[in-house]
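What follows is a single structure, written as structure tokens, with notes after it.
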2 protein chains.
Amino acid sequence: MNLPIGVIDSGVGGLTVAKEVARQLPKETMIYIGDTARCPYGPRTVEEVRRFTWQMVEQLLQWDIKMLVIACNTATAVTLEELQAQLDIPVVGVIRPGAIAALNETSSGEIAVIGTEGTIHSGAYPETIRAIQGEQVTVHNLACPPFVPLVEQNRTSKQDAYKIVEETLRPLQQYRYDTLILGCTHYPILKAVIQEVVGGGVSVISSGQETAREMSTILQHNGIHNRSEEAPAHIFYTSGEVLPFVEKVERWMTITTPDVRQISFLSSTMNHD
Amino acid sequence: MNLPIGVIDSGVGGLTVAKEVARQLPKETMIYIGDTARCPYGPRTVEEVRRFTWQMVEQLLQWDIKMLVIACNTATAVTLEELQAQLDIPVVGVIRPGAIAALNETSSGEIAVIGTEGTIHSGAYPETIRAIQGEQVTVHNLACPPFVPLVEQNRTSKQDAYKIVEETLRPLQQYRYDTLILGCTHYPILKAVIQEVVGGGVSVISSGQETAREMSTILQHNGIHNRSEEAPAHIFYTSGEVLPFVEKVERWMTITTPDVRQISFLSSTMNHD
């Protein structure tokens, strides 16, 4: 089935998921919406996250998609269950794939999860991990509010980010975790610095790879994978400025001159350019 | 949904998959059928593999299962598509998961696949890999008929197996592959010896881990995962002798005093003790 896959995120972080989708599912076309104008979602109320997410979803449904990927942990924590219940197409979030990868990785049975305040306060990771593995695993949670702004502002070099990352992660030092879930799709952009701070003994998990694998399974089992041989032409929408978004798609997804367009969510009815 | 998952194999090799299922899906119950009396399937005709596989499947359907796992590469190559088309429950094979794991692992783009004659001659691995990644990856195939008898006869130590494994794998030496798919569920039992022969620079892929992950995704997305807190009680059936089968379940799955029963496929109607 040659319809596109819809991917939504609060901003550019979901591009780390889109990159893995492009790598693992090279025949599939994506329409990506990044709500950059209203990013970050982490500190917003549950009601705001719900409303913003539904606006993006309704837009994608008008364009006709065959699968929805919520490439944002905060939005997954708040809306995954209701979207899965209400939409007729498969809906994939980023929390379960990250949790499964971590459970396959940990030897000590102690896992740390970092994310936005919204994701951490939702308790979605410990809940998901408990649902899969019972009580055999201990989960340590830490909200890291400074990380999304660092990424959105392109301050991800060791020089710009090390001190902030080190201070933010300090509360985790007391635990003997061997696996760290990057519970926010922005964080993989900071992965090199985070890995240096936590040390080589800790496996750092980005959910992108696992999410793309889950998508692959569902596309195949539902018989809706793309069988045509045409190269996919992804389209990216941002609710913020186009040029900085183009730059991030080029740098992170290594796509040259990507098709990036502006979309507005200012009124309750959808408009887009 | 608390129905069991059905797992079928030509013999004991599928226990390497069942072990991963027990680890990753600790709340799910399995009914395993190993057709030890007619193992190996590798050198059999397509018609025989079809008929034997359907006998096991019909038996499992009578007992009521919520998902079927074909934990045998030969049977997957021959019957996966027709089983997926004809059964009302999800059917999972072991070939696609192994192919996906290998594609995520390879850097050089050269993958070697070893398996039974039936699996290798079917071309199922190169076909699956091409369907996912187009023409960007080279696949080298080698049938290894001596390996299943080694495993079924418990001759898997370095002393017993090294020379045979080394000679059998010699044709692969001419290729620069960096990833080796164990395209037969018996082979993970020989993994230590195989790894020693091919060297540390080659990633050796067992499909069990990936298969269990695929099952997890489907159980979740179809809403049929087990929600009860009772510990699962797996049942194992063998068409061969019970005692050697008990011994293998105990050794490979580290289950003490497993429930192993005999089943007969001698007549066309199903009988089991």
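The values are calculated or read from the model by the stated rules, or taken from the named source; none is laboratory data. Just so it is clear, the structure is predicted and the values come from calculations on it, not from any experiment. Please note: Cβ atoms are built from the backbone with ideal geometry, for glycine as well, and neighbour counts cover all protein chains shown.
Could you look through segment A:113-138, keep only residues that are within 25 Å of B:Glu20 (Cβ to Cβ) and within 20 Å of the chain's Cα centre (by Cα), and pick out the one that is surrounded by the fewest Cβ atoms within 10 Å (Cβ to Cβ)?
A:Glu127
Just to be sure before I move on: is A:His225 at pLDDT below 95, of a type outside the set (S, T, N, Q) and under 24 Å from B:Pro97 (Cβ atoms) in the structure I sent?
yes
Please determine whether any residue of segment A:38-61 is outside any helix (DSSP H, G or I) and among the acidic types (Asp, Glu).
no
One line per residue, one yes/no per condition, for (1) within 12 Å of chain A (Cβ to nearest Cβ); (2) in contact with a Gly (Cβ under 6 Å, 6 or more places away or on another chain); (3) under 20 Å from B:Thr185 (Cβ atoms):
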site: B:Val198; (1), (2), (3): no, no, yes
site: B:Val204; (1), (2), (3): no, no, yes
site: B:Ser207; (1), (2), (3): no, yes, yes
site: B:Arg213; (1), (2), (3): yes, no, yes
site: B:His221; (1), (2), (3): yes, no, no
site: B:Thr238; (1), (2), (3): no, yes, yes
site: B:Pro244; (1), (2), (3): no, no, yes
site: B:Pro258; (1), (2), (3): no, no, yes
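Consider only pairs whose beta carbons are under 6 Å apart and that are at least six residues apart or on different chains; among these, list those whose first residue lies in segment A:127-150 and is more than 13 Å from chain B (Cβ to nearest Cβ) and whose second residue is assigned to a strand (DSSP E or B) and of a type outside the set (Val, Ile, Thr).
Close Cβ pairs satisfying both conditions: A:Thr138/A:Glu110; A:His140/A:Ala112.
Which condition number does B:Ile100 fail, the rest of (1) of a type outside the set (Lys, Arg); (2) away from chain A (no Cβ under 11 Å); (3) touching a residue at least 40 places away in the same chain (Cβ under 8 Å) being met?
Status for B:Ile100: all satisfied but (2).
With (1) over 17 Å from A:Asp178 (Cβ atoms); (2) part of a loop (DSSP other than H, G, I, E, B); (3) out of contact with any Leu (no Cβ under 7 Å at 6 or more places or on another chain) as the list, and A:Arg96 as the residue in question, which single condition is left unmet?
(2)
Restricted to segment B:9-41, and to residues that are within 12 Å of the chain's Cα centre (by Cα) and among the small types (Gly, Ala, Ser), which residue is farthest from B:Cys72 (Cα to Cα)?
Checking each candidate, the answer is B:Ala18.
Being crowded, with 18+ Cβ neighbours inside 10 Å, touching a strand residue (DSSP E or B) at 6+ places or on another chain (Cβ under 7 Å) and either in a helix (DSSP H, G or I) or on the phi > 0 side of the Ramachandran plot (or both) is the filter here, so list the residues in segment A:62-74 that pass it.
A:Asn73
For segment B:118-170, which positions are within 30 Å of A:Glu230 (Cβ to Cβ) and part of a helix (DSSP H, G or I)?
B:Ser122, B:Ala124, B:Tyr125, B:Pro126, B:Glu127, B:Thr128, B:Ile129, B:Arg130, B:Ala131, B:Ile132, B:Gln133
Across segment A:99-112, which residue is surrounded by the fewest Cβ atoms within 10 Å (Cβ to Cβ) among those that are outside any helix (DSSP H, G or I) and aliphatic (A, V, I, L, M)?
That would be A:Ala112.
Counting only residues that are among the polar types (S, T, N, Q) and outside any helix (DSSP H, G or I), which one in segment A:204-249 is farthest from the chain's Cα centre (by Cα)? Reasoning before the result, please.
Quick first cut of segment A:204-249, residues among the polar types (S, T, N, Q) only: A:206-207, A:209, A:211, A:216-217, A:220, A:222, A:226, A:228, A:238-239.
From what's left, outside any helix (DSSP H, G or I): A:206, A:222, A:226, A:228, A:238-239.
Values: A:Ser206: 9, A:Asn222: 23, A:Asn226: 23, A:Ser228: 27, A:Thr238: 15, A:Ser239: 17 Å.
Filtering segment A:204-249 for residues that are among the polar types (S, T, N, Q) and outside any helix (DSSP H, G or I), the one farthest from the chain's Cα centre (by Cα) comes out as A:Ser228.
Has segment B:238-251 got at least one residue that is buried (at least 21 other Cβ atoms within 10 Å of the Cβ), among the hydrophobic types (A, V, I, L, M, F, W, C) and assigned by TED's automatic domain parsing to the domain that holds B:Ile70?
Yes: segment B:238-251 contains one or more residues that are buried (at least 21 other Cβ atoms within 10 Å of the Cβ), among the hydrophobic types (A, V, I, L, M, F, W, C) and assigned by TED's automatic domain parsing to the domain that holds B:Ile70.
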